[in-house]
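What follows is a set of notes on a single structure, which appears directly below.
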Amino acid sequence: MGIVNVTPDSFSDGGRYLDPDAAVAHGMALVAAGADVLDVGGESTRPGAEPVEEAEERRRVLPVVRRLAATAGVPVSVDTRKATVAAAALEAGATIVNDVAAGADPDMFRVVIDAGAGLVVMHMQGDPRTMQHAPSYDDVVVEVGDFLAARLARAREAGVDPASLCADPGIGFGKTGGHNLTLLARLRELVDRLDVPVLVGPSRKTFIAKLLGDDLAARDDGTLAAAVWCVDHGAPIVRVHDVGAVADALRLLDLMHAIDAEAVA
């Protein structure tokens with residue numbers, strides 16, 4: 001999943017693709033580099049970010065979603081917490097809603113059902129303004145799993161097609177660096193527990209910078225390692241900025257697994 005941030009304040013690339021032409025060109029470049037899905041977002045969810053008004057979020061994302069849905073040749077996802085924005089984006093051609101609030105908007109499930117769309121539900125402790133204010137868990141893997149299982153069950157009860165659901169543990173969303181590393185280390189527990197595909201978004205997160213260095217190269221190197229780890233531990237989708245490097249690494253991983261399987265056979 002390639003990231004197309006149409007925002008002025010995202011932590012990694014805020015402002016670079018605020019112009020629709022730049023955002024569309026970036027999305028097309030991500031597809032050429034190997035992205036299977038494009039995720040378009042118009043509201044930053046970095047720590048401390050303030051909410052964006054609905055009209056402004058729609059203004060940012062709809063032209064980009066419409067053009068990418070018509071030309072990119074891959075599914076387009078809209079990254080939003082607002083059911084009204086999701087509905088407009090789905091009408092513009094998106095086919096997936098990536099909801100970091102996991103259906104907190106009471107109309108979100110209905111919007112997804114009406115459109116026959118896919119839905120990603122993510123775990124976040126608090127909201128973007130407060131989520132990094134001393135996050136705390138007794139067992140982060142168990143508690144994140146409990147939350148995701150409950151939200152998936154609620155979505156199914158509301159009528160969302162079970163085959164359209166996906167879960168995201170929310171790396172960096174209300175977690176310390178230790179929480180993030182624990183979730184990655186024990187990712188297989190979540191994959192085995194949840195009966196839907198698991199999406200992980202480790203890309204350029206702060207915990208990587210604290211471990212490896214706060215320059216872009218270090219963050220991308222750490223992201224590459226985390227992405228390969230996630231796929232090798234059962235997560236079929238990784239959400240990243242640097243699509244080309246990750247796609248190349250995952251192709252190599254697939255090849256090595258295929259050779260290993262042949263050797264066993």
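Numerical summary
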{"item": "Per residue accessible area of the stretch 111-243, 1.4 Å probe, in Å²", "result": "42 Å²"}
{"item": "Amide hydrogen neighbours beyond the local backbone of residue 130, cut-off 5 Å, H modeled", "result": "48"}
{"item": "Distant-in-sequence amide H partners of residue 237 (H built 1.01 Å from N, under 5 Å)", "result": "198, 200"}
{"item": "Highest average packing first - 45-55, 169-179, Cβ atoms within 10 Å", "result": "169-179, 45-55"}
{"item": "Shape of the stretch 126-265, Cα gyration tensor, a/c cut at 1.5", "result": "oblate"}
{"item": "Cross-link reach list, aspartates and glutamates versus residue 175, counting only Cα pairs under 17 Å and skipping chain neighbours closer than eight places", "result": "127, 138, 139, 143, 146"}
{"item": "Accessible area of the chain belonging to carbon and sulfur atoms, whole % at 1.4 Å probe", "result": "54 percent"}
{"item": "Accessible area, probe 1.4 Å, largest first, for residues 28, 124", "result": "28, 124"}
{"item": "Correct option for Rg and Dmax of the Cα atoms in Å [calculated from the coordinates] among (1) 17.5, 57; (2) 19.8, 68; (3) 21.7, 65", "result": "(1)"}
{"item": "Summed residue charge, Cβ within 11 Å of residue 120's Cβ, Lys/Arg positive, Asp/Glu negative", "result": "-2"}
{"item": "Area of residue 260 that stays accessible when all protein chains are in place (1.4 Å probe, Å², to 10)", "result": "90 Å²"}
{"item": "Relative contact order [Cα under 8 Å, 6+ residues apart], the chain, whole percent", "result": "15 percent"}
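The values are calculated or read from the model by the stated rules, or taken from the named source; none is laboratory data. Please read these numbers as outputs of a predicted model, since none were measured by experiment. Heads up, the Cβs are rebuilt from the backbone with ideal geometry, glycines too, and the neighbour counts pull from every protein chain shown. Ligands, DNA and RNA are stripped out before the accessible areas are found, and what is left, the full protein with its side chains, is counted by its heavy atoms. Shrake-Rupley method; radii C 1.70, N 1.55, O 1.52, S 1.80 Å.
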